[in-house]
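The structure appears below as structure tokens.
The values are calculated or read from the model by the stated rules, or taken from the named source; none is laboratory data. Just so it is clear, the structure is predicted and the values come from calculations on it, not from any experiment. Counting neighbours? That spans all protein chains shown, and the Cβs are built from the backbone with ideal geometry, glycine included.
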């Protein structure tokens, strides 16, 4: 997929990042240890983490990410967030393209990043393998040779975002798995209906 750096952001844990980093064996060259933590203001991503964060309070999450020398990313800001100046002044980057967000949500996110003069980043938000390449950040600068250089590179907006459409089946399929794990029968039935309708329309 021509991915040079993969950021794995499992919900509320760095375990997925650590496992991927152990198994990658240099392909891709960089696997950034990260996680997407739930807070009272919405999801907050921490990059270049050294240890787990257990708090679910936004100010503590942000502080502990920075104490580890990490970077704070605000993902899909117009999807499940309570935005305020306190949160926005503490983030290092804003996700301005998310493969699972609407065009309107992504446009508003881009305007927010420009308003706050913050670097932009695109995210695949992959819950299925097929979604991994749906958002690739391409930078014009020299290829990073280590994580320090990669960190500096990420603090500049990408020169180009390469977008590839994923299968329409990925979203309901991944939500079915979530419903099973969280034992949520209402979510399961709703997503099962979506999956059937998607197949009935002949979408793939």
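Being surrounded by fewer than 20 Cβ atoms within 10 Å (Cβ to Cβ), in contact (Cβ under 8 Å) with a residue 24 or more places away in the chain and over 23 Å from residue 99 (Cα atoms) is the filter here; which residues of region 42-55 pass it?
Within region 42-55, 51, 52 meet the criteria.
Provide a single number: the residues in region 19-38 that are farther than 16 Å from residue 154 by Cβ and surrounded by fewer than 19 Cβ atoms within 10 Å (Cβ to Cβ).
Residues meeting the conditions: 10.
Quick check on my filter: what residues within region 1-16 are farther than 20 Å from residue 65 by Cα and in contact with a helix residue (DSSP H, G or I) (Cβ under 9 Å, 6 or more places away or on another chain)?
4
Looking only at residues that are outside any helix (DSSP H, G or I) and modelled with pLDDT of 85 or more in region 169-204, which one is surrounded by the most Cβ atoms within 10 Å (Cβ to Cβ)?
Here the residue is 169.
In the same structural domain as residue 129 (by TED's automatic domain parsing), touching a strand residue (DSSP E or B) at 6+ places or on another chain (Cβ under 6 Å), more than 22 Å from residue 149 (Cα to Cα) and in contact (Cβ under 8 Å) with a residue 12 or more places away in the chain, is that true of residue 99?
So residue 99 fits the description; yes.
On the basis of being closer than 17 Å to residue 154 by Cβ, out of contact with any strand residue (DSSP E or B) (no Cβ under 6 Å at 6 or more places or on another chain) and touching a residue at least 12 places away in the same chain (Cβ under 8 Å), does residue 80 make the cut?
no
What are the residues in region 87-98 that are more than 23 Å from residue 135 (Cα to Cα) and touching a helix residue (DSSP H, G or I) at 6+ places or on another chain (Cβ under 7 Å), if any?
Within region 87-98, 87, 88, 90 qualify.
Of everything in region 129-168 that's in a helix (DSSP H, G or I) and touching a strand residue (DSSP E or B) at 6+ places or on another chain (Cβ under 9 Å), which residue is surrounded by the fewest Cβ atoms within 10 Å (Cβ to Cβ)?
Here the answer is 147.
Keeping to region 110-128, report how many residues are within 22 Å of residue 10 (Cβ to Cβ) and crowded, with 19+ Cβ neighbours inside 10 Å.
So the count comes out to 6.
The conditions are (1) without any contact (Cβ under 8 Å) to a residue 24 or more places away in the chain; (2) touching a strand residue (DSSP E or B) at 6+ places or on another chain (Cβ under 9 Å), and residue 39 fails exactly one of them. Which is it?
(2)
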